[in-house]
Amino acid sequence: MTVKQVGIIMNGVTGRMGTRQHLIRSIIAIREQGGVPLANGDIIMPDPILVGRDANKLQALAEKHKIDRWSTNVDECLADPYNIIYFDSQTTVRRVEAIRKAIKAGKHIYCEKPTATSTKESLELAELATQAGVKNGVVQDKLFLPGLLKLKRLVDSGFFGEMLSVRMEFGYWVFEGDWQEGQRPSWNYRKEDGGGMIVDMFAHWRYVLDNLFGHVKSVSCLGVTHIPQRIDEKGTPYACTADDAAYATFELEGGIIAQVNSSWAVRVNREDLLTIQVDGTEGSAVAGLRDCKVQHRVNTPKPVWNPDIENPFNFSEQWVNVPDNQIFDNGFKIQWELFLKHVAADEPFAWSLLEGAKGTQLADLGIQSWAERRWIDVPELSLGVKQDGETVYTAK
């Protein structure tokens, strides 16, 4: 048995998501379990170096979690051949330049989404990685949530018959920051800093819809800024220039219709922060982050609309829970393990920078639909082609 040490540059891990999900619940958890086993008996052991702009935060984070390496100099980390993977969970507006540098340095790329603030830049990153021959991947964590894994199990089994529609409700009330501190950073609500519900969440909805139900063919979207002013981390009021809610309809292949409401200005009266209802000719399902329940055709009640009497049905009791039937690990950790196997053992990994570009594309088209108040078709993306010595990015 050989233990393969894999140096990983982790840029942006002082943020909430980077610390909790990628560092603590993924890389540290993998180290504590003894690494990632390969089929030949070898072990992959991730060895992170924490990178960022604030030395005090980095040192404190490294000491707290017994990590030996940290740095504020990204270029030095990229120049070290020991570090073979570059991971980026910075804010979106900083991501493109950093990934370009990492690709040029020959590092394999793994990053959060959105991969860029425009489809053109997202495709450019995918093209650069392909030309450089480096492996690359994008975090698509919701595919590994227990509730969505159960949904995928139902889809693969043919439970739904012909799928008809998908309805997704996502969001919660994010406090404005006056009498209660907000749960999200202020940059999320400034367009100039890469914020906005559409930019943030359509990258998720693209891979969820594509991988579970059918490729997205067209979009109709309305974005809204419901809360025009919030209070930032320093207690200073600021104008919200980005959308904090989006109301969208997507047409999927096979004629499936998906309605998706996303809002940071909604109070939750449902079973989870994200719920997905799928209706088909043979049955329906409702999934949250962890649970999933179903109602088959033969168990469907026969209600009749009659507002003059008390409703005789308790509809929620007429659904059956889908059993776990397996142990569910943290979704971020699962995908990290898959990417490490991809880099160290050339095992397959489906969620490339090109897949990430599809999420940016859907956000761009959603914003265009909102601006033009019309349906927009979603073309198939392709990487760059050379015209007169320059790379031109196209959509088929």
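The values are calculated or read from the model by the stated rules, or taken from the named source; none is laboratory data. Small disclaimer: the values here were computed from a predicted structure and weren't measured. A quick note on method: Cβ atoms are made from the backbone with ideal geometry, for glycine too, and the neighbour counts reach across all protein chains shown.
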Worksheet, complete the sentence: Scanning the range 303-342 for residues that are aliphatic (A, V, I, L, M) and in a loop (DSSP other than H, G, I, E, B), the one nearest to Pro48 (Cα to Cα) turns out to be Ile327
Discussion item. Conditions first: (1) part of a strand (DSSP E or B); (2) surrounded by 21 or more Cβ atoms within 10 Å (Cβ to Cβ). Lys217 passes all but one, so which condition is the exception?
Written reply: (2)
Worksheet item: In this structure, is Ile376 more than 27 Å from Lys135 (Cα to Cα) and touching a Leu at 6+ places or on another chain (Cβ under 8 Å)?
Response: yes
Practice prompt. Considering (1) without any contact (Cβ under 8 Å) to a residue 24 or more places away in the chain; (2) within 30 Å of Pro228 (Cα to Cα); (3) of a type outside the set (A, V, I, L, M, F, W, C), say which one Gly171 fails and leave the rest.
Written response: (1)
Worksheet item: Can we say Ile367 is at pLDDT below 95 and either crowded, with 18+ Cβ neighbours inside 10 Å or in a loop (DSSP other than H, G, I, E, B) (or both)?
Response: no
Item to complete: Answer yes or no: is there a residue in the range 224-232 that is surrounded by fewer than 22 Cβ atoms within 10 Å (Cβ to Cβ), among the acidic types (Asp, Glu), modelled with pLDDT of 95 or more and touching a helix residue (DSSP H, G or I) at 6+ places or on another chain (Cβ under 6 Å).
Response: yes
Response to the item:
Counting only residues in the range 241-251 that are touching a Lys or Arg at 6+ places or on another chain (Cβ under 6 Å) and not hydroxyl-bearing (Ser, Thr, Tyr), the one nearest to Gly214 (Cα to Cα) is identified as Glu251
Worksheet item: List the pairs whose first member sits in the range 48-72 and is touching a residue at least 12 places away in the same chain (Cβ under 8 Å), whose second member is of a type in the set (Phe, Trp, Tyr) and surrounded by 20 or more Cβ atoms within 10 Å (Cβ to Cβ), and whose Cβ atoms are under 7 Å apart, counting only residues at least 6 apart or on separate chains?
Response: Ile49/Trp70; Leu50/Trp70; Leu58/Trp70; Ala62/Trp70
Worksheet item: Condition test on Thr72, is it buried (at least 16 other Cβ atoms within 10 Å of the Cβ) and among the hydroxyl-bearing types (Ser, Thr, Tyr)?
Response: no
Worksheet item: With respect to Gly283, is the statement that it is at pLDDT 95 or above, surrounded by fewer than 21 Cβ atoms within 10 Å (Cβ to Cβ) and in contact with a Phe, Trp or Tyr (Cβ under 6 Å, 6 or more places away or on another chain) true?
Response: yes
